[in-house]
Structure formats: C-alpha cells, structure tokens
Amino acid sequence: MNNKIIVVLGPTASGKTKLGVYLANKFNGEIVSADSRQVYKGMDVGTGKDLSQFSITNFQFSNKSKVQNSKSKIQIPYHLIDVVSPNTEFNLAKYQKLAYEAIDDILKRDKIPILVGGTGLYLQAVVDNYNLSNVKPIKN
C-alpha cells in the first residue's frame, strides 16, 4: 500500500493553516502541525496559534444550487498543538516520534494526513525519514 501525505509549508503568516484546513475538509484529512513553538501549551500569542481556524462553516446544499438555511460548523482535527508544557524538554526526535504516531493513526482511519507548518527541520525529519539516534548528553 502506498500511503500519501500532503505537506503545506511556508513562511510565517502566509496562510498555511487556512490552506491546510481547506485541504483537510476537501480530502477528508487531519492536520499534523509542524511548528516548533505551537507544541507548547499556553504559548498562544507569540506562536500564531489560532485554533479558531480549524473550525469552518459548512453550507448544506440541496437541489440545483439552492442553499438551505442550515449551516454547520465542522471542526478539523489537528495534532501536535499544545502537547507539552514549556518547562518540558522537547526536541526533534520527540517531535518526529509523535508526528509518525499521529500520521499512522490518521492513515489507519482512512484519512489523509496534512503536515502543516513552517519549521523546516520538523518537516524534513518526517518527510525524509531522518534516522535520529538516542544519545545521552555528556555531563561534566
């Protein structure tokens, strides 16, 4: 089986999240954040963590483009946002492990993982399957 993943990357404030949410809605997907700061709980303002963007309005259509009066909010599932506290050590290897777990979970549910973010190293570690060995730090 050849599993697919969509990657949306770009600079700060370029519309990555908005595009990712659009794609997730269109292709039955879920967002996997690739942002090295949005993983931290409580760091909302300085990281551009706008969770309201993951909720979109869905208009119900009926015969020949007549819009019904009902519209509903759809919450696009997202992963790897608000997963660790700021005083917890978090690194590329931990991110990669959590990203692979999220992607596997999404694929098992026959959905499309959409990796969205601006932290190039996080994206590359997942897409290029970096081999990150677990080495203990040297203490003096």
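Annotation: amide H-H contacts under 5 Å for Lys111 (H modelled 1.01 Å from N, sequence separation of 5 or more, or interchain): none. Inter-label distance, Arg109 to Asp128: 3.1 nm, where each label sits 7 Å from its Cα along the C-beta direction. In this structure the amide hydrogen of Val8, modeled in the peptide plane, comes within under 5 Å of the amide hydrogens of Leu115, Val116, Gly117, none closer than 5 places in sequence on its chain.
Amide H contacts for His79 (H built 1.01 Å from N in the peptide plane; partners 5 or more residues away or on another chain; cut-off under 5 Å): Ile31, Val32, Ser33.
Read the figures in this text as sums done on the coordinates, not as results from a lab. These numbers were taken from a predicted model, which means no experiment stands behind them. Every residue, glycine among them, receives a Cβ derived from its backbone with ideal geometry; neighbour counts consider all protein chains shown.
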